[in-house]
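Here is the structure we will look at.
The values are calculated or read from the model by the stated rules, or taken from the named source; none is laboratory data. Not measured: the values here are computed from a predicted model. Cβ atoms come from the backbone with ideal geometry, glycine included; neighbour counts cover every protein chain shown.
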Amino acid sequence: MNILFLSGTHPATPHISGIRAARFAAELAQRGHRCVLLCPALADAAGEAPFEARARDHDWRRPLIVTVAEETLAPAPRSSLATAGKLLFYGGKRISLARAMRAKADTLSPAFQPEMLWATFGSLETVFVARHLARAQGMPWVFDVKDNVENYIPRQLHGLLARRVRGFGVLTSNADLHAHAAGRWLGTPAETIYSGVDECFFVPQSPAPRDAGGYVTLVGGLYHRDLVDRFVEGVATHNRDPAQAPLEIVHIGSQLDLLQDIAARHGVTVRGTGYVDTVEMARICQSALANAYIFHGQTFHHKLFELLACGRPVIAFGGELSESTALAAHLGTPLETPQSPRALVPLLANLGAAAFGQAAPRDRFFTWPDQAAMLERTMKRLIAHD
C-alpha cells in the first residue's frame, strides 16, 4: 500500500505527541509499504528538495517525511465565537497548517499516489485535512484517536464536529478509555490499537549514576499540584526516618520549576532531565529504585507500559484506571497506586528489597511491530471493503 500519514507534530520535536504517527509509519515501511509522513516543519528548518526527486531516490524501507511551513501568528483576542468557527471550519486554530497540508498533499502525485490515509487526534486540524483529501481523491481513511476527546472538544460542539469528520472507514484508539469517549462522540465503535514499547526498554542499559540513597523518578506531566505535594511529602517523611537512606526525585519531564518549588518546602532534593530520548529514559528508569508518575484521571498513561518494561517497581500516585491496573496484571508486573503520603511511605521503605535485575520480558508487552501488524490488518480490511 501507499499510505499517507498526517501528524500535527514533526517526529523530531521533543514531545510525545509526534511519536505514534512516526512509529506506525516506520513500522509499516518495514513491512513493505510505501509511507509518507506529512507534518509541520521544525523551526528554522532548511527547505526541502522537490518531492518527485526525493521520492525517486528514497529508500522506502523507512517513511519519507514531507514537511510544511506553519505560520506563527500573533495571539488574537479571545472570542468564543471565533474559537468555535476555527474548530468547525479547520479543526482548530492552526489554520495555516491545515491550508499548507492540503496544498502539499496535492503535489504528491504522480510520484506518490496514496491508497490509504491515516490521521490522529491529537491535532483535529490534520483529521479535517485527511477527510478533505479522502473525499477529493476517493480513498479510505483511518481516524485515530490518541487523546480523550472529552478533554479537548467543547461539549456544545460535539454534534456539529462529529458531522464535520464523518466519512472515515475505521476509528482506532490507543486506549479503551479514549476509544469509548470517541465512540460516544461519533456514534461508532473504535478499535483499540495500543502504542508500542521501544526495544530499548527491554534491553538492560548501562547504569545511570546513583548516590548512596538512590532515587525515584517522577515521569511525565505533573497535572495536579496537590498530588505532587502529597507525593513529595511522602518522600520527605521517608527521608526523615534514620533507618532509611534518603531518596532524591529525578523528574523526566518539563515541569521542574513546579517540582522544585514544592520540594524546597519539604526539604527534598530534586533534579530534572528535561525531555530525553527513549534510550536515555530507559537507562534512567532501569537504574531507579522506583518509577512514579502522577495520575491524571481523565487520560490513559501510555508511559505505564514503558515503566513496567524497565523491571523496577512502578507507582501511579493518586490511583489508576481499571484498564491500566488490568493491563499491569496481564503483564505480570506490579503496579502500586497509593493516594496519600501515609500509603506511599511503606512502599518507599521496601524499595531496597527489590533487587535490580533484568528488564521485563517482551513477550506479553505491546511492541511496535505487533501493534503495527494490527494496524496493517485493519487497513487491508478497509481497502478490501472500500
Residue check for ALA292: under 21 Å from GLY319 (Cα atoms), in contact (Cβ under 8 Å) with a residue 12 or more places away in the chain and of a type in the set (A, V, I, L, M, F, W, C): yes
Would you pick out the residues in the stretch 298-320 that are touching a residue at least 60 places away in the same chain (Cβ under 8 Å) and part of a loop (DSSP other than H, G, I, E, B)? GLN298, THR299, PHE300, HIS301, HIS302, CYS310, GLY318
What are the pairs with Cβ atoms under 6 angstrom where one residue, in the stretch 230-243, is in the same structural domain as LEU218 (by TED's automatic domain parsing) and the other, located anywhere, is surrounded by fewer than 23 Cβ atoms within 10 Å (Cβ to Cβ) and polar (S, T, N, Q)? Sequence gap at least six, or different chains. HIS238/GLN244
Looking only at the stretch 296-323, filter to residues that are of a type in the set (D, E, K, R) and closer than 14 Å to PHE201 by Cα; which one of those is farthest from the chain's Cα centre (by Cα)? ARG312
It is to be established whether one or more residues within the stretch 268-278 are more than 18 Å from the chain's Cα centre (by Cα), in a helix (DSSP H, G or I) and not charged (D, E, K, R). no
Can you list residue pairs whose Cβ atoms sit under 8 Å apart, with the first residue in the stretch 141-162 being more than 17 Å from VAL129 (Cβ to Cβ) and the second being among the β-branched types (Val, Ile, Thr)? Count only pairs 6 or more apart in sequence or on different chains. ASP147/THR299; ASN148/THR299; ASN151/THR299
Residues of the stretch 355-374 satisfying the condition of being hydrophobic (A, V, I, L, M, F, W, C), surrounded by 14 or more Cβ atoms within 10 Å (Cβ to Cβ) and out of contact with any Leu (no Cβ under 7 Å at 6 or more places or on another chain): ALA359, PHE366, TRP368, ALA373, MET374
Among (1) closer than 29 Å to ARG166 by Cβ; (2) without any contact (Cβ under 8 Å) to a residue 24 or more places away in the chain; (3) surrounded by fewer than 16 Cβ atoms within 10 Å (Cβ to Cβ), where does GLN113 come up short? (2)
